[in-house]
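Engineer: First the structure, then my questions, so here it is.
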C-alpha cells in the first residue's frame with residue numbers, strides 16, 4: 001500500500017542531500033515520521049499546509065518499511081502510519097511537486 005509524506009522544499013532537499021532525515025519539525029517533536037494514506041493525504045495538506053506552496057509529495061510502499069512502521073489512531077480516530085526510524089532517501093518510491101492552485105493543493109493523478 002502506498003503511503004504519503006508532504007515535505008516543504010527545504011525538508012525534501014535535506015533528505016536528498018543527506019540521504020536520511022528525522023523528518024519535519026513536527027516529526028522530530030513527536031519522535032516519529034508522520035505519513036498519510038491516499039484517503040487521508042488531502043485532509044493532511046489542508047490542515048497542516050494550508051496556503052503553503054513549494055511542497056513535495058513523497059510516496060513510499062508501507063510494506064517495505066517493516067516493523068518500524070506502526071499504525072496508530074490519530075485524527076478522527078483513524079489509523080495513521082508512523083515511522084519509528086529515520087526516513088531514508090532509498091525508502092522513497094517517487095517524489096512530485098504539490099503545487100497550490102487557487103488555494104488548493106493539486107495532487108498528482110491517481111493519488112486521491
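All of the numbers you see were taken from the coordinates with simple rules; none came from a lab. Predicted model, so just to flag it, every value in this text is computed and none were measured.
Engineer: Return a whole-number percent for the relative contact order of the chain, with Cα pairs under 8 Å and 6 or more residues apart as the contact set. Please list the in-between numbers first.
Structural biologist: Working: 191 pairs, mean separation 39.0, N = 112.
Normalised by residue count, the contact order of the chain is 35 percent.
Engineer: Averaged across orientations, what area in nm² does the convex hull of the alpha carbons in the range 54-112 project? Intermediate values should be presented prior to the final figure.
Structural biologist: Values: hull surface 21.3 nm².
Over all viewing directions, the range 54-112 projects a mean Cα-hull area of 5.3 nm².
Engineer: Please compute one quarter of the surface area of the Cα convex hull for the range 1-48 and express it in square nanometres. Walk me through the intermediate numbers first.
Structural biologist: On the way: hull surface 14.9 nm².
Here the figure is 3.7 nm², rounded to one decimal.
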